[in-house]
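Below: one structure, written as structure tokens.
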Amino acid sequence: MTSQIYSQKKFIPTPPEKGSFPLDHEGLCKKQFLLYASCLRRNAQDTSQCREDAQNYLACRMDNNLMEKTEWSKLGFHDKKPAPEEDKQ
């Protein structure tokens, strides 16, 4: 049985092009994440109701190099900038 294991080709994983990014271990964007998550809970997981919170969260991740800076249009948003964080409470 062990001879079958040694004869197999070695698996070499390849990372996905999109969808994988570093975890926020330092909690740099925790506030934005919690605002987005609570919006989803309040709106029965309807993401269309939480687009501004999602955009603020993604902006925070991009600003802190937790994900690659990408044009908003490629992320499904219009090219407008997210609302300033101070306005949200």
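At-a-glance table
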| read-out | value |
| --- | --- |
| Test for Leu40: is it at pLDDT 90 or above, in a helix (DSSP H, G or I) and surrounded by 11 or more Cβ atoms within 10 Å (Cβ to Cβ) | yes |
| So Gln49, is it open to solvent by 100 Å² or more (accessible area, probe 1.4 Å) and at pLDDT 90 or above | yes |
| Scope the stretch 13-37; condition at pLDDT 80 or above and either open to solvent by 70 Å² or more (accessible area, probe 1.4 Å) or in a helix (DSSP H, G or I) (or both); matching residues | Leu23, His25, Glu26, Leu28, Lys30, Lys31, Gln32, Phe33, Leu34, Leu35, Tyr36, Ala37 |
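The values are calculated or read from the model by the stated rules, or taken from the named source; none is laboratory data. Only a predicted model underlies this, so the values are computations on that prediction, with no experimental measurement involved. Note that each Cβ is placed from the backbone with ideal geometry, even for glycine, and that neighbours are counted across all protein chains shown. Quick note on the areas: whole protein, heavy atoms, side chains included, nothing else; ligands and nucleic acids left out. Shrake-Rupley method; radii C 1.70, N 1.55, O 1.52, S 1.80 Å.
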